[in-house]
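Single-structure report; data block below.
The values are calculated or read from the model by the stated rules, or taken from the named source; none is laboratory data. All figures in this text were calculated on a predicted structure; none of them were measured in a lab. Every residue, glycine among them, receives a Cβ derived from its backbone with ideal geometry; neighbour counts consider all protein chains shown.
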Amino acid sequence: MEHNAAPDTPLLPPWRRALVIGLGRSGVAAARLLAAAGVHVRAYDQRPHTAAAPHPGVATLPAGCELFLGEDEVPRAALEGVDALILSPGVPPTPILARQRALAPKAAILGELSLALRAVQSRWRGIKTALITGTNGKSTVTAMTGALLTAAGGRPFTGGNLGTPLSEAVLAALDGSAPPDALVLECSSYQLETISGAFPVDVAMVLNVTPDHLSRYDSMQHYAETKARVFLGLKPAGLALLESRDDWTAHLRAWVPEGARLVLVDPAPGTETASAGAHARILGEEGPGHGLQLPGGEQYPRAALRLAGRHNSKNALFALAAARHLGASPEACLQGLRDFAGLPHRMEPIGTRDGVVFFNDSKATNMASVIASLDGFDRPFVLIAGGRPKGDDLTPLRGLLAAQGRGLVAIGEAASAVLAATGDVVPTARAETMAQAVERARELARPGDAVILSPACASFDWYPSYAHRGRDFCDIVRALERSPGA
């Protein structure tokens, strides 16, 4: 972060006391950044801290931090006299803000990401920045954009909602680590609730908006407009990216600042749209397409991208447009596409057995994610779906299977609902364990097909997380590869 470095500029505003609410990884990172700026830190979390059940974040908090743990709501003493409240993303803001208005009405309200961006802006001006949000696909696009910049010889920080909090990168740079020359930040809607337009952004994008987190937002419009806050700091010469056919694009484009360049990414090969503006397109008539074309005609072969599915063609267009705007050359972008292996549990290719390719898409815990993964898939597939229901309408599975499905294996608490929603469009089976599901899927598949774990449901009936579910699936498939006859 050496761009226009100003080491004598205060890292943060002259706050005396700040309260961090929520002590997950981002909350602890925010507390440490505040302490590095000379702010007295208080920290609150509903989870207690005892010898029998130590709070996981306490050990890494800065020395001298005042702790308020185990209370159902933020204590009055924690709020008295604070100049700033830092909210962790997973903390619902409504009850917190009600107490803030009553007990600390003048306190600034920030999230960890907003706090870190303030530090970057005050100390290292001019660093290239991309903000990436959307209901589905944002982790893949964030990671891919970072990979393209790395292939161009850059040192991007790739994180935010994806893995590492930005505050940790700021602290590392303050401690003398090699600083990044660009920020590629995945932003959740929770993080965007507290972002402002004070930090200048070079690229901002909304990949899509589909129903999610509606227990936190009172309407889809409220949720979509929270996503649109990603454009607040976009520079006049910045790049805005939206999907051309998303239901909310017409609404979101009104948030793009005047003078910024808007590019619409078409979601399917041969998409024709009357929307005005520059377009990035998938070339070809079906499936994932054969090429990726940016506005102006610059093209990349689809075969360079190792990730399966039409949705990853679209993801690559978002990443390519961002990386090119941030200075990566076409040659570096092509190499970056070839090198990018994808993220775990997102249409992750696991291996081949008897001519059948296995994909782990355990992260697809809602219907919109499954549609994105399977719509336009390039070969027949056997789908493994089910788990703990999330209330999604599962009937779109029927159309996906009718178009290209070879079979269906239903699992978990939602097995009956999955079978009822899909009917008899393909042969079906039911499994009581993941190992049984893999075996049933192998029996239904033919050489040249794919078996895809894309559950459309949460994992919590059988597993503590989607990642555990995906790892179990991968272990079972890899064991098959090592078995005789593989």
Going by what's in this entry, would Asp247 be described as in the same structural domain as Leu131 (by TED's automatic domain parsing) and under 30 Å from Leu97 (Cβ atoms)?
yes
Given the structure, is Ser196 under 17 Å from Ile132 (Cα atoms) and crowded, with 23+ Cβ neighbours inside 10 Å?
no
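Yes or no: Asp181 closer than 16 Å to Ala321 by Cβ, surrounded by fewer than 24 Cβ atoms within 10 Å (Cβ to Cβ) and among the acidic types (Asp, Glu)? Before you say what the answer is, go through the steps one by one.
Details: closer than 16 Å to Ala321 by Cβ: no; surrounded by fewer than 24 Cβ atoms within 10 Å (Cβ to Cβ): yes; among the acidic types (Asp, Glu): yes.
Answer is no for this residue.
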When segment 126-159 is checked residue by residue, the ones that are farther than 10 Å from Val184 by Cβ and not in a helix (DSSP H, G or I) are Gly126, Ile127, Thr133, Gly134, Thr135, Asn136, Gly137, Ala152, Gly153, Arg155
Ile127 versus (1) surrounded by 24 or more Cβ atoms within 10 Å (Cβ to Cβ); (2) hydrophobic (A, V, I, L, M, F, W, C); (3) closer than 14 Å to Val203 by Cβ: which is the lone unmet condition?
(1)
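List the strands (runs of 3 or more DSSP E) inside segment 1-89, counting only whole elements, that have at least 3 residues being in the same structural domain as Ser177 (by TED's automatic domain parsing) and over 30 Å from the mean Cα position of the chain (by Cα). Walk me through how you get there before you give the answer.
Details: elements: 17-21, 40-45, 66-69, 84-87.
Fully inside segment 1-89 and qualifying: nothing.
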How many residues are surrounded by fewer than 24 Cβ atoms within 10 Å (Cβ to Cβ), in contact with a helix residue (DSSP H, G or I) (Cβ under 8 Å, 6 or more places away or on another chain) and assigned to a helix (DSSP H, G or I) when one looks only at segment 313-335?
5
Go through the residues of segment 450-461 one by one and say whether even a single one is part of a loop (DSSP other than H, G, I, E, B), surrounded by fewer than 19 Cβ atoms within 10 Å (Cβ to Cβ) and not hydroxyl-bearing (Ser, Thr, Tyr).
yes
Do we find a residue being at positive phi and within 16 Å of the chain's Cα centre (by Cα) anywhere in segment 213-228?
yes
Pair list, Cβ < 7 Å and 6+ apart or interchain, from segment 81-105 residues that are touching a residue at least 12 places away in the same chain (Cβ under 8 Å) to residues that are surrounded by fewer than 17 Cβ atoms within 10 Å (Cβ to Cβ) and of a type in the set (D, E, K, R)
Asp83/Arg16; Pro92/Arg216; Pro95/Glu73; Arg99/Glu73; Leu103/Arg76; Leu103/Glu80
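Quick test for you: out of Glu443, Glu432, pick the one residue that is surrounded by fewer than 19 Cβ atoms within 10 Å (Cβ to Cβ), free of Cβ contacts under 8 Å to residues at least 40 places away in the same chain and not in a loop (DSSP other than H, G, I, E, B).
On the way: Glu432 fails: not in a loop (DSSP other than H, G, I, E, B).
Every option except Glu443 fails the conditions.
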Only one of Leu148, Leu166, Leu162 is surrounded by 24 or more Cβ atoms within 10 Å (Cβ to Cβ), hydrophobic (A, V, I, L, M, F, W, C), within 26 Å of Gln335 (Cα to Cα) and assigned by TED's automatic domain parsing to the domain that holds Ala308, namely Leu148
Of Leu397, Leu383, the only residue that is crowded, with 24+ Cβ neighbours inside 10 Å, within 24 Å of Ala268 (Cα to Cα), modelled with pLDDT of 95 or more and out of contact with any Leu (no Cβ under 7 Å at 6 or more places or on another chain) is Leu397
